[in-house]
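Notes follow once the structure below has been shown.
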């Protein structure tokens, strides 16, 4: 089975250097800020987006200081959005540890998120790198649009498959797509190659989120650290459920929607909905869609010559649809 360690092997030294760069970038004269930043650094996730920036630059054999800056930008923006999401969702736990808003408070979580955004933007401004800035700001706009659309749909409980794709493109795929594109730009790749990397990132980003949504139904708590059904508790309709609801008549579908929309969703209700989604083939349908996106991503990689970076990016695509957490 492919692991993230296998994928990151060609850039292992670069990731270590990136960690040093990021720590220096986030350093503050305020002890409170440093305390929260250090806490956040101890809970960091897989660092998938910096990995993609570095691998995309390595594909063109040119990891350089611009690459580290690009990786820092996307990681800081991603982390900032997570901090803000935790406040919006009133989340106490992320990745098995207490969130910043839980350890400190909502006000500080929002302000530190803003601090991360400011740090992300300051480097391209200082170095007059408008192209980096344009790519990043476009991603942030997409993330905000996706979050607002998801909030709107959580109150309406009315979500089509196409609207679902728009939400996950905005919230997840846009920044992953930008990560790949920025890596290529930092390496001085041709515009056409940058666009191919951008499209590659879009496809793996879409698959990544679909797999995430699948795991919310079938994930093992011992592996994921999350109990199944979190999306249902937050009134989020994702692809497995959207498909399952289309397999039954309107009256039955409305009964399930009313259950989700209500304020008294119980553990037994969640189990019933999960069983229903499994029975209707919602998981298989969503997995097949994720596989379709991955096949498109791999086809795009075939445009590039064989190299350790190409192998890692291809393996990363396969890793996404098989991962258990």
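Given the options 88, 65, 93, name the one that is under 17 Å from residue 23 (Cβ atoms) and surrounded by fewer than 21 Cβ atoms within 10 Å (Cβ to Cβ).
Working: 88 fails: under 17 Å from residue 23 (Cβ atoms); 93 fails: under 17 Å from residue 23 (Cβ atoms).
Unique residue meeting the criteria: 65.
Every residue in region 123-165 that is crowded, with 18+ Cβ neighbours inside 10 Å and more than 15 Å from residue 81 (Cα to Cα), please. It would help to see each step written out before you state the result.
Restricting attention to region 123-165, the residues satisfying the condition of being crowded, with 18+ Cβ neighbours inside 10 Å are 123-124, 129, 132, 135-136, 139-140, 142-143, 146, 150, 153, 159, 164.
Matches in region 123-165: 123, 124, 129, 132, 135, 153, 159, 164.
Among the residues in region 68-76, are any in contact (Cβ under 8 Å) with a residue 24 or more places away in the chain and more than 19 Å from the chain's Cα centre (by Cα)? Full working, then the answer.
Applying the first criterion (in contact (Cβ under 8 Å) with a residue 24 or more places away in the chain) to region 68-76 yields 68-76.
From what's left, more than 19 Å from the chain's Cα centre (by Cα): 68-69.
Yes, the conditions are met somewhere in region 68-76.
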Exercise for the section: Would you be able to say whether some residue in region 169-177 is more than 21 Å from residue 55 (Cβ to Cβ), crowded, with 21+ Cβ neighbours inside 10 Å and without any contact (Cβ under 8 Å) to a residue 60 or more places away in the chain? Expected result: yes
Problem - Among (1) farther than 12 Å from residue 72 by Cα; (2) surrounded by 12 or more Cβ atoms within 10 Å (Cβ to Cβ); (3) without any contact (Cβ under 8 Å) to a residue 12 or more places away in the chain, the one test that residue 31 misses - result: (2)
Completion exercise
Requiring at least 1 residues that are surrounded by 18 or more Cβ atoms within 10 Å (Cβ to Cβ) and at pLDDT 85 or above, the helices (runs of 4 or more DSSP H) wholly within region 207-259 are 230-233, 239-246
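So how many residues does region 17-26 have that are surrounded by fewer than 13 Cβ atoms within 10 Å (Cβ to Cβ) and over 13 Å from residue 120 (Cα atoms)?
Looking only at region 17-26, we keep the residues that are surrounded by fewer than 13 Cβ atoms within 10 Å (Cβ to Cβ), and these are 20, 23-24.
In the following step, the residues that additionally are over 13 Å from residue 120 (Cα atoms) were identified as 20.
So the answer is 1.
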Fill in the blank from the handout: Considering residues that are over 17 Å from residue 239 (Cα atoms), assigned to a helix (DSSP H, G or I) and in contact with a helix residue (DSSP H, G or I) (Cβ under 6 Å, 6 or more places away or on another chain), the number found within region 164-192 is 13
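The values are calculated or read from the model by the stated rules, or taken from the named source; none is laboratory data. Only a predicted model underlies this, so the values are computations on that prediction, with no experimental measurement involved. Virtual Cβ from ideal backbone geometry, glycine too; neighbours counted across all protein chains shown.
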